[in-house]
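First the structure, in the form of C-alpha cells, and then the observations on it.
The values are calculated or read from the model by the stated rules, or taken from the named source; none is laboratory data. Source: prediction; values computed, not measured. In this analysis, Cβ positions are derived from the backbone assuming ideal geometry, glycine residues included, and neighbour counts consider all displayed protein chains. Note: accessible area is taken over every heavy atom of the protein model, side chains too, but ligands, DNA and RNA are not part of it. Shrake-Rupley method; radii C 1.70, N 1.55, O 1.52, S 1.80 Å.
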Amino acid sequence: MSDAELIEIIARMSAGVLCLLTSAILLVNARQSLAARLGALFGLGAFAYMICGSQTMRDLLGAWHLPLVPLGWLDGVFFWWFCLALFCDQYRFRAAHLAPAVLILAVIPIDYGIGGPLVLDLATLVKQLASILLFLHATYFALLSLKDDLVDDRRRFRVVIAVSVGLSAVILMGLDIVLQDTALVTAYRVVSSVWLLILSFAFAMWALRASPVMFVDRKTVMRRHDTAAAIAAVAPADKPLLARLESAMEAGAYRETGLTVGKLADRLATPEHRLRKLINQGLGYRNFSAYINSHRVEDAKEILADPEQARRQILQVALDLGYGSIASFNRAFREATGEAPTSFRRKALMAD
C-alpha cells in the first residue's frame, strides 16, 4: 500500500466517523424539527460517501461496501432536502422532492455489475451530474433569501454551508470527472480526502454548538404577533423603536414593493441589526418577509371579504399590497390561511 493510499484511507475513515457523530448529535436535537432529522440523514449519506466514493476504500472493503452504495450516492439529495427544510420555515416534504432520488436509484444497480464498462461510466456520470445540480440549487437557495433571514446563527450558517459544503461538493465532483484516468488522479484523491476530513470536522463542531433556534417545528413559526403583548414583553430600551415600528406599519409601510429590513431600518433611523433583533427576538418572526406578510395578509383578508370590492381583481389587490406578482401573493396567502385568495373570497362573500 502506497503512502498516498494510506493517507486517503485514514482521512476518509476519520471523516466517516465524524459524519456519524454529526448524525447522532442532530438526531438527539431533532425533537419535532424536520430540518434536524434531514441533517442527520445527510450525515449518514456523507458517511456512506466517504466509504464508497473512493476506489481505494472500495478495494479495501471489498463487497462490504456494497450495502452503502445507494446511501452514498443519495448524499446530494439528502443535502438538498436538509437545506430546503433548514432555510424555509414553511417547508413541507412533497412527492416531487423524491424525483432526484428516484433518478439516482434507477442507475445505481449498474454499480453492482449490471452492464459493461461504458454503461457503468455513463451511469456514474448521470449520478454525478444530478448531485452537482442538487448541490448548486441548495447553495443558491441558501443564499437567495440571506438578507431576509432574521435568525443570526442561521444567517451566518447559510454562507458557511453554501461556500464550504455546497461549492466544495460541486468542485470536487467536477474534478472527479475531469481528472479521472489522468496522472493527477492520485494527488487529487489525497487532497480531496483531506479536505473532506476538514469539512466533516467543521460540520461536527457546528452540530455540537448549533443553537436550538436553528431548528423549529413548522407549526410553531410565528404568523401574527400580539402588539400589546409585544410592547409589554420587550426590553425598555427597545420600546421606543417598537412603537415607531408599529406606527410605520399602521401607516402602511408594509405596502411598499421590494421593502427590505435595511430600507425599513433607514426609515426608522435605527441600525439594521437592532431592527432585526427586535423583529426576531421581540416579536418572534424568523424571516422579515413573514413579518411583512402578516400585515399584508390581514389587509388582503379584509379586502377580499368586502362585498363592495368584490369586483376588484386579485392581481390588483396583490400589487396594491406590495407584492411583485400574483404568484408570490398566492403563496403567502395560502401559507397564512391554508387556502387560495379566490377560494377565501368566495367563502367570505357567500357567508355574507
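Assorted remarks:
- Annotation: amide H-H contacts under 5 Å for ASN287 (H modelled 1.01 Å from N, sequence separation of 5 or more, or interchain): LEU150.
- Phi-derived couplings, Karplus 6.51 cos²θ - 1.76 cosθ + 1.60 at θ = phi - 60°, listed residue by residue for segment 175-186: 5, 4, 6, 6, 8, 4, 6, 10, 5, 8, 5, 5 Hz, with x used for Gly and Pro.
- Centroid-to-centroid separation of segment 252-294 and segment 157-179 [C-alpha atoms, Å]: 33 Å
- Rounded percent of accessible protein surface that carbon and sulfur make up, segment 287-352, 1.4 Å probe: 49 percent
- Cα gyration tensor shape of the chain, rounded if a/c is under 1.5, else prolate or oblate by comparing a/b with b/c: prolate
- J(HN,Hα) series, segment 299-314, from Karplus relation 6.51 cos²θ - 1.76 cosθ + 1.60, nearest Hz, glycine and proline x: 4, 4, 4, 5, 5, 5, 8, 8, x, 6, 10, 5, 8, 6, 5, 4
- Entry note, segment 232-325: relative contact order of 34 percent, from Cα contacts under 8 Å with a spacing of 6+ residues.
- Using θ = phi - 60° in the Karplus curve 6.51 cos²θ - 1.76 cosθ + 1.60, the 3J(HN,Hα) couplings for segment 193-198 round to 5, 5, 5, 5, 5, 4 Hz; x is entered for Gly and Pro.
- With a simple spin-label model that places each label point 7 Å from the Cα along the Cα-to-Cβ direction, the separation between LYS347 and ALA228 comes to 2.8 nm.
- Efficiency of FRET between LEU61 and LEU319 - r from beta-carbon atoms, R0 56 angstrom, step 0.05: 0.40
- Across ALA210, ALA142, ALA106, mean-square fluctuation computed from a Gaussian network of the chain (C-alpha pairs under 10 Å connected) peaks at ALA106.
- You can think of it this way: the chain between GLU246 and THR337 has 30.5 nm of extra reach, that is 0.36 nm per residue less the Cα-Cα gap.
- Computed about the Cα centre, the dipole magnitude for the chain is approximately 880 debye when only Lys and Arg (+1) and Asp and Glu (-1) carry charge, each at its Cβ.
- Relative contact order (percent, whole number), the chain, Cα cutoff 8 Å, 6+ residue spacing: 17 percent
- Length gained on full extension, LEU125 to ILE198, computed as 0.36 nm times the residue gap minus the Cα-Cα distance: 23.7 nm.
- Packing, taken as the mean count of other beta carbons within 10 Å per residue, orders the peptides 223-236, 55-68, 149-162, 296-309 from highest to lowest as 149-162, 296-309, 55-68, 223-236.
- Cα gyration tensor, segment 1-111 - rounded (a/c under 1.5), prolate or oblate: oblate
- Residue among LEU44, LEU34, LEU259 with the largest mean-square fluctuation in a Gaussian network model of the chain, springs linking Cα atoms under 10 Å: LEU259
- Label point of LYS219 set 7 angstrom out along Cα-Cβ; within segment 319-352, amide nitrogens under 16 Å from it belong to 338.
- For segment 193-352, relative contact order (Cα pairs under 8 Å, six or more residues apart, normalised by length) works out to 22 percent.
- Extension gain (nm, one decimal) between THR257 and LEU103, 0.36 nm per residue minus Cα-Cα: 51.5 nm
- Among LEU125, LEU41, LEU199, the largest mean-square fluctuation in a Gaussian network model of the chain (Cα springs under 10 Å) belongs to LEU125.
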